[in-house]
Amino acid sequence: MKTKIQEQFEKLYGDGASLFASPGRVNLIGEHTDYNLGFVLPGAIDKAIYVAVKPNDGKVCRLHSVDYDETIEMDIHGEKPEKQWAQYIYGVANEMEKRGALIRPFDMVFGGDVPLGAGLSSSAALESAVGFALNTIYDLGFGREQLAKIGQMTEHNYVGVRCGIMDQFASLFGEAGHVIRLDCRSLEYKLEPFDPQGCKVVLFDTKVKHTLASSEYNVRRAQCEAGVAVVLRHVGGVESLRDVTMDMLDAYKGEMEEVVYRRCRYVIEENQRLLDACAALEKGDYVTFGQKMNGSHDGLSKDYEVSCAELDFLADVARTNSGVLGARMMGGGFGGCTINLVRAEAYADFLEEISDKFSHRFGQTPRIIEVNISQGAHRIA
Ligand code: ADP
Ligand code: MG
């Protein structure tokens, strides 16, 4: 992939380009915890966006997307480009200028192998790769945390996606053999060892996206806020579910709807599960880690109710296979992927079992995406 990007650059714009990469990500545990100011546990993966870039002497940028086979010219001080892929580049450049940088025109060729829209955050990989590349070639001096913020604000202000910061954070801060325990309240992070010898991490993409996703997301946010409001009547200073313990929630359970109680319980338990899962990683105990993944799925499915038939089916099949240490839905829910931790010796049979059973039940095979936890944004050449 990276040589293809470089070759294409040479063909279109000549030699002398610098080459950069920034990866997609998975989230091992900690779902719907970000907007409740809890913890998430993402890791960068071995699928990335590659960017070849070089300043030019012209008045505008020349951009080529290898995967869409499209070329455009773009003035970062002119109108926002129509093509979505170019909006990410336009957004990053403009967010950088808002923060005092001067971005002179450049030529850029990019492409990658992060599956689009499958929940691996190809968009964050793109923003992070572009941000990291421009920061380096123009010596802008932004730190990785600022680059993550620039990527997040690109989504908010130029693409219209009001995302959190986990995806950009993982793409920029990832390291091989480690996942990132990110505190979404303080943005403090800690690298946790993740090197399950003899195991593989594999995703099954249901290829469905039920329309409930965005409306139900807003309902969940409101339900969490409702729970916080009840506790706040009794306990001063409570700002989010991060400040609420199970004891507090149980004490004031009678004042909230049963469904609000269950939503809040899930979030509080999920934060604790994540911390327990990290303690297991530090001991190299992947059996316990897998059980926490299973617990996460149960909570998302039964208490938070953001799963769907396809995801539950995949998680159920995984659970009955003794070679699987843990399996859970990943991402916002109502479709997308499950993430599975599987013993290598059981891997081939498990893939076959999942494909057979899923296609028998739903009429199509899930997409299989094997991932390795890898390095975050970096320069290649
Ligand atoms: P994801 O969950 O993968 O982040 P998004 O819808 O947020 O899905 O982002 C996908 C968008 O990001 C694409 O529509 C495209 O505009 C851009 N993108 C991602 N990967 C590439 C790529 N390899 N080439 C060009 N554009 C890409
Ligand atoms: Mg995205």
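For the reader, a short list of remarks on this structure follows.
- Sites matching GluC sites (Glu not before Pro) across segment 19-93 that sit in DSSP coil, with at most 15 neighbouring C-beta atoms within 10 Å: Glu79, Glu82
- Sparsely packed loop sites in segment 226-308 (the trypsin sites (Lys or Arg not before Pro) outside DSSP H, G, I, E and B with at most 13 other Cβ atoms within 10 Å) comprise Arg233, Lys283.
- Under 5 Å from the amide H of Gly112 lie the amide H atoms of Tyr50, Asp67, each residue being 5 or more positions distant or on a separate chain, with H modelled from the backbone and absent for Pro and chain starts.
- Amide proton proximity set for Ile380, modelled H, under 5 Å, gap of 5+: Leu19, Phe20, Ala21
- Taking every Cα-Cα distance in segment 246-381 and sorting them into 5 Å bins starting at zero, the pair-distance distribution P(r) comes out as 2, 9, 16, 18, 18, 13, 11, 6, 4, 1, 0, 0, 0 percent.
- Segment 375-380 - phi-based ³J(HN,Hα) in whole Hz, Karplus 6.51/-1.76/1.60, Gly and Pro as x: 5, x, 3, 7, 8, 9
- Over segment 304-356, the reciprocal of the mean inverse Cα-Cα separation, the Kirkwood hydrodynamic radius, stands at 11.3 Å.
- Distant-in-sequence amide contacts of Asn56, defined by a placed amide H-H separation under 5 Å and a gap of 5 or more residues or a different chain, comprise Phe106, Asp107.
- Kirkwood-Stokes translational diffusion coefficient of segment 55-198, alpha-carbon pairs, 37 °C, 0.692 mPa s, µm²/s: 206
- The length gained by stretching the chain between Asp356 and Glu175 to full extension, at 0.36 nm per residue less their Cα-Cα distance, is 61.7 nm.
- Taking each of Lys98/Lys149; Lys200/Lys292; Lys83/Lys209 in turn, the alpha-carbon distance tops 20 angstrom for Lys83/Lys209.
- Remark: the Thr365-Thr320 segment gains 14.3 nm on full extension, using 0.36 nm per residue and subtracting the alpha carbon distance.
- Convex hull volume per residue in cubic angstrom - Cα atoms of segment 279-328: 63
- Cβ-defined net charge surrounding Thr154, 9 Å radius [Lys, Arg +1; Asp, Glu -1]: -3
- Using the Cβ-Cβ distance between Ala279 and Ala213 with R0 set to 25 Å, the FRET efficiency works out to roughly 0.20.
- Qualifying GluC sites (Glu not before Pro) for segment 149-218 [loop in DSSP, other Cβ within 10 Å: at most 15]: Glu188
- Across the cross-link table entries Lys4/Lys54; Lys4/Lys207; Lys190/Lys302; Lys11/Lys54; Lys207/Lys357; Lys2/Lys47, which are compared at the Cα atoms, the separations over 20 Å belong to Lys4/Lys207; Lys190/Lys302.
- In summary, the aspartates and glutamates within cross-link reach of Lys59, defined as a Cα separation below 15 angstrom excluding same-chain residues under 8 places away, comprise Glu73, Asp75, Glu79, Asp107.
- Residue among Ile45, Ile137, Gln197 farthest towards the positive dipole end of the chain, charges placed on Cβ: Ile137
- Annotation: average projected area of segment 127-230 is 10.1 square nanometres, based on the convex hull of Cα atoms across all directions.
- Fluctuation leader among Leu203, Leu37, Leu212 - the chain, Gaussian network, Cα springs under 10 angstrom: Leu212
- For segment 279-292, 3J(HN,Hα) computed residue by residue from phi via the Karplus equation (6.51, -1.76, 1.60; θ = phi - 60°) reads 4, 5, 4, 5, 9, x, 9, 7, 5, 4, 4, x, 5, 5 Hz, glycine and proline entered as x.
- Å² of accessible area per residue within segment 137-232, as computed with a 1.4 Å probe and no ligands counted: 46
- Coupling constants for segment 34-48 follow from the phi torsions by the Karplus curve (6.51 cos²θ - 1.76 cosθ + 1.60, θ = phi - 60°), and in residue order they are 4, 6, 9, 6, x, 10, 10, 9, x, x, 6, 10, 7, 9, 9 Hz; glycine and proline get x.
- The chain: most fluctuating residue of Val51, Val260, Val26 per GNM, C-alpha cutoff 10 Å: Val260
- Cα centroids of segment 90-138 and segment 185-253: 29 Å apart.
- Averaged per residue, segment 322-369 has 41 square angstrom of accessible surface, using a 1.4 angstrom probe with ligands and nucleic acids left out.
- Scattering profile of the chain at q = 0.10 Å⁻¹ [log10 I(q)/I(0), Debye over alpha-carbon scatterers]: -0.67
The values are calculated or read from the model by the stated rules, or taken from the named source; none is laboratory data. Bear in mind that the values here come from a model prediction, so they are computed numbers and not experimental data. Don't worry about glycine lacking a Cβ; one is built from the backbone with ideal geometry, like all the others, and counts go over all protein chains shown. When the accessible area is computed, the model is the full protein with side chains, heavy atoms only, and any ligands, DNA or RNA have been set aside. Shrake-Rupley method; radii C 1.70, N 1.55, O 1.52, S 1.80 Å.
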